[in-house]
1. Looking at the square roots a ≥ b ≥ c of the eigenvalues of the Cα gyration tensor of segment 32-134, which shape do they give, rounded for a/c under 1.5, prolate if a/b is larger than b/c, or oblate?
2. For a quick check: with amide H placed at 1.01 Å from N, whose amide H comes under 5 Å from residue 28's, ignoring anything fewer than 5 positions away on the same chain?
3. Report, by chain and number, residues whose modeled amide H sits under 5 Å from the one on residue 133, excluding near sequence neighbours (fewer than 5 apart, same chain).
4. Subtracting the Cα-Cα distance from 0.36 nm times the residue separation, let me have the gained length for residue 27 to residue 129 in nm, one decimal.
5. In the structure shown, do any of 114/184; 114/169; 47/114; 58/91; 47/169; 110/169 have a Cα-Cα gap over 20 Å, and if so which?
6. What Kirkwood radius, in Å to one decimal, follows from the Cα pairs of the chain?
7. Relative contact order, percent, of segment 6-66 when contacts are C-alpha pairs under 8 Å separated by at least 6 residues?
Amino acid sequence: MKNIAIFASGSGSNAENIANYFADSDYAQVTLIVANNPNAYVLERAKKLNIESITVTKAEFMAADTLIEELQKRNIDFIVLAGFLLLVPQKFIDAYPGRIVNIHPALLPKYGGKGMYGDRVHEAVVAAKESESGITIHLIDGDYDKGTTFFQATCPVLPTDTPHDVAEKVHALEYKHFPETIEKILHTLD
Ligand code: GAR
């Protein structure tokens with residue numbers, strides 16, 4: 001059984017969707033949720049899902065060693081960033097090479113980089129009058145929104161769409177594709 005840890009900073013709707021996807025799997029399971037904000041709603045979701053959670057400060061996260069130990073104690077094989085807003089320090093990447101995946105709510109390399117997260121991304125997409133947006137699922141390599149892209153899916157952006165409309169379409173793509181893409185990536189590591 002492969003053990004997945006999900007790192008999240010906010011609502012955690014993707015974290016919940018991924019946990020539910022693997023709930024009946026005999027191949028992988030979500031064993032741990034890590035939040036960098038004690039008020040993140042993802043912690044409520046973790047309780048409801050009966051999944052252990054750890055809250056870290058930004059300083060603890062950046063120092064990395066203690067959290068990496070906690071991950072190793074729980075035999076975590078793979079890390080999923082689902083709405084996680086801190087840059088992952090190199091120590092994590094060294095501890096989990098090719099085993100940390102991020103989802104970005106746009107078609108990278110467009111609308112990525114520091115400060116580009118959540119609604120800000122959708123606002124930028126609408127402001128630029130893009131005709132499409134989408135999701136990018138990629139391995140992380142130490143810079144914001146860089147690293148090998150594993151999967152992209154697109155959705156149309158209509159001239160009348162608000163950032164909220166785009167967010168809804170992007171979330172729908174995330175819920176549909178992120179869990180099965182994680183599973184596919186896990187299989188490439190077998
Ligand atoms: C998701 O749309 C995810 O793609 C985005 O934050 C949202 C989190 O929603 N991630 C980023 O913007 C990272 N740069 P959730 O907490 O409900 O899963």
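Read the figures in this text as sums done on the coordinates, not as results from a lab. Small disclaimer: the values here were computed from a predicted structure and weren't measured.
1. Working: a/c = 2.23, a/b = 1.69, b/c = 1.32.
Because a/c hits 1.5 or more and a/b exceeds b/c, segment 32-134 counts as prolate.
2. Sorted by chain and number, the residues that satisfy this are 2.
3. It is 155, 157, by chain and number.
4. Working: separation 102, 0.36 × 102 = 36.72 nm, distance 4.23 nm.
So the chain would gain 32.5 nm between residue 27 and residue 129.
5. On the way: 114/184 28 Å; 114/169 23 Å; 47/114 30 Å; 58/91 15 Å; 47/169 28 Å; 110/169 17 Å.
Cα-Cα > 20 Å for 114/184; 114/169; 47/114; 47/169; rest within.
6. Details: mean 1/r = 0.0598 Å⁻¹.
The Cα-based Kirkwood calculation yields 16.7 Å.
7. Values: 84 pairs, mean separation 21.0, N = 61.
Reported as a whole number, the value is 34 percent.
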